[in-house]
Amino acid sequence: MDKTEQKNEAFGNICSVLQILGAKWSFLVMYELSKGARRFQQLRRELPIIRTQSLTDVLRHLEKCGVVRREVFPTVPVTVEYSLTAKGLDFQAALNEMEKWAARWKDAGQSSDGDSTVETKS
């Protein structure tokens with residue numbers, strides 16, 4: 001495989017991830033589910049910034065992509081619980097790295113030439 005094919009494959013892989021996580025609230029929902037299984041109302045309370053329909057949509061999207069598991073319990077009324085699948089749990093390492101990156105650059109200013117003014121740690 002030459003370098004162009006490797007770049008195209010890497011680009012395709014990144015695009016695949018962005019299709020899964022491109023939904024507006026995906027990261028927040030996955031973060032909340034990383035704490036453990038949640039019922040829909042629990043997610044609504046923990047993520048009040050997300051409208052009910054948007055939460056429903058993002059949960060369906062993540063379930064369709066194999067990142068979230070939806071489990072229905074035969075109770076009255078029916079209980080539905082959401083949790084991360086192995087695929088979703090595996091993504092937590094990437095989320096942790098993104099969080100580190102965000103923390104590192106959080107207070108970084110930009111100089112007029114676009115270079116960061118943050119000092120690197122040794």
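In the stretch 44-58 there is no residue matching the filter, namely being surrounded by fewer than 14 Cβ atoms within 10 Å (Cβ to Cβ), part of a helix (DSSP H, G or I), at pLDDT below 95 and of a type in the set (Lys, Arg).
Among residues of the stretch 1-39 being touching a helix residue (DSSP H, G or I) at 6+ places or on another chain (Cβ under 6 Å) and either charged (D, E, K, R) or at pLDDT below 75 (or both), the one that is farthest from Gly88 (Cα to Cα) is Ala23. Determine, yes or no, whether Ser116 is touching a strand residue (DSSP E or B) at 6+ places or on another chain (Cβ under 8 Å), modelled with pLDDT under 90 and surrounded by 11 or more Cβ atoms within 10 Å (Cβ to Cβ). Judged against the criteria, Ser116 is a match. For beta carbons closer than 8 Å, sequence separation of 6+ or different chains, a first residue in the stretch 70-91 that is more than 19 Å from Leu43 (Cα to Cα) and a second that is charged (D, E, K, R) and part of a loop (DSSP other than H, G, I, E, B), there are no qualifying pairs.
The values are calculated or read from the model by the stated rules, or taken from the named source; none is laboratory data. If you're wondering where the values come from, they're calculated on a predicted model, not measured in any experiment. FYI the Cβ positions are ideal-geometry reconstructions off the backbone, even for glycines, and counts take in every protein chain you see.
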